[in-house]
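The values are calculated or read from the model by the stated rules, or taken from the named source; none is laboratory data. Here the structure is a predicted model, which is why all the values come from computation and not from measurement. Here the Cβ positions follow ideal geometry from the backbone for every residue, glycine too, while neighbour counts run over all protein chains shown. Calculation scope for accessible area: heavy atoms of the full protein, side chains included, ligands and nucleic acids excluded. Shrake-Rupley method; radii C 1.70, N 1.55, O 1.52, S 1.80 Å.
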Amino acid sequence: MRIANLSGRLVLIVDGKAVDVERASAGRFAPDPQAVYERWEEFRAWAGTAVLPEAAAFDRADLGSPVPAPRQVLGIGLNYRDHAAESGFATPDGLPPVFTKFATSISGPVTEVRLPAGGHTDWEVELVAVIGRRAENVPEAQAWDHVAGLAVGQDISERISQLAGPVPQFSLGKSFPGFAPIGPWLVSPDEFENPDDLELRCTVNGEQMQKGRTRDLIFSVPALIAGLSAVLPLLPGDAIFTGTPAGVGLGRDPQRWLAVGDELVSTIEGIGELRQTFVA
Ligand code: ZN
């Protein structure tokens, strides 16, 4: 199953076209895409058996984030060995560093992003997992049951503000407006042959910058849910940015930052792509 946010309304994606959920369910489910995660099991059951009206074509520029207003956004740092190495950090022993991307930085999949003046803005393609059932002290073996679905995410990061000061400001440096595009839709875990092994990559102006596989995550999606939910409850509709593989601008020699006019395309196998253009 695939769901999306089309002009602020929850839709099912069927063969690349959209079915409006509120209308197709005769009002049983609200149009707000964020509200559906509170009733995820009920929604899944309905979507699996409903006789749907004909789906309509749409413009991808009208897509918003499939998870537009999570109560918690958890960002994970240094979760691929090759990226920890290029960043000059040791691979963490316990749970990797956790920060937030404040919810106002979330956007849809096709956007223009304003570059902070004087900044060093960088890319980080990441798998985003969205919670579909409250998770508290969940063992790894049951963690996938708590995931509504997966989406492509970009953890866009301004490195000067991220790394300045006596302790790094990960959450602020990664929360400028438009710095958390998510999409293009949410794909339920059962759609993947193996949801723990997906290729992710990103290009800048067509040149490949990152290419990795989620099987190389130090903490897999289930391990993250187990580790995080041992500390705090994960709530329906929460989003987890699971970390980025090697190839970010910070780790290049010479370093490289996003510039006005650059186009960043981020792709995950079996999900789809994000497309960001950078403006002054
Ligand atoms: Zn990241």
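Might you check whether a residue that is out of contact with any Phe, Trp or Tyr (no Cβ under 7 Å at 6 or more places or on another chain) and under 21 Å from L235 (Cβ atoms) occurs anywhere in the stretch 83-91? Looking through the stretch 83-91, none of the residues is out of contact with any Phe, Trp or Tyr (no Cβ under 7 Å at 6 or more places or on another chain) and under 21 Å from L235 (Cβ atoms). Does the stretch 122-142 contain at least one residue that is among the aromatic types (F, W, Y) and more than 16 Å from the ligand (Cβ to nearest atom)? Taking every residue of the stretch 122-142 in turn, none turns out to be among the aromatic types (F, W, Y) and more than 16 Å from the ligand (Cβ to nearest atom). Within the set G149, G153, G118, the sole residue that is assigned to a loop (DSSP other than H, G, I, E, B) and of a type outside the set (D, E, K, R) turns out to be G118. Counting the residues of the stretch 165-180 that are in a loop (DSSP other than H, G, I, E, B), open to solvent by less than 50 Å² (accessible area, probe 1.4 Å) and not charged (D, E, K, R) gives 3. Restricted to helices (runs of 4 or more DSSP H) entirely inside the stretch 17-101, those with at least 3 residues that are within 15 Å of the ligand (Cβ to nearest atom) are 81-86.
One residue alone among W144, W185 is over 21 Å from G212 (Cβ atoms) and not small (G, A, S), and that residue is W185. If you go through the stretch 163-195 and keep only what is within 16 Å of the ligand (Cβ to nearest atom), of a type outside the set (A, V, I, L, M, F, W, C) and within 17 Å of V125 (Cβ to Cβ), you end up with K174, G178, P181.
Taking the numbered list (1) more than 16 Å from the ligand (Cβ to nearest atom); (2) within 30 Å of A18 (Cβ to Cβ); (3) basic (K, R) in turn, R215 passes all entries but (2). Among the residues of the stretch 229-247, those that are away from the ligand (no atom under 15 Å from the Cβ) and surrounded by 18 or more Cβ atoms within 10 Å (Cβ to Cβ) comprise S229, L234, P236, G237, D238. Look at the stretch 50-69: where a residue is at pLDDT 95 or above and a partner is part of a loop (DSSP other than H, G, I, E, B) and among the acidic types (D, E), sitting 6+ places away or on another chain with Cβ atoms under 7 Å, you get A55/D15. Among residues of the stretch 238-264 being in a strand (DSSP E or B) and not aromatic (F, W, Y), the one that is nearest to V36 (Cα to Cα) is A239. Every residue in the stretch 232-259 that is over 20 Å from V130 (Cβ atoms) and touching a strand residue (DSSP E or B) at 6+ places or on another chain (Cβ under 6 Å), please. Matches in the stretch 232-259: P245, G247, V248, G249, L250, W257, L258. Scanning the stretch 248-275 for residues that are open to solvent by 10 Å² or more (accessible area, probe 1.4 Å) and within 14 Å of the ligand (Cβ to nearest atom) yields L250, G251.
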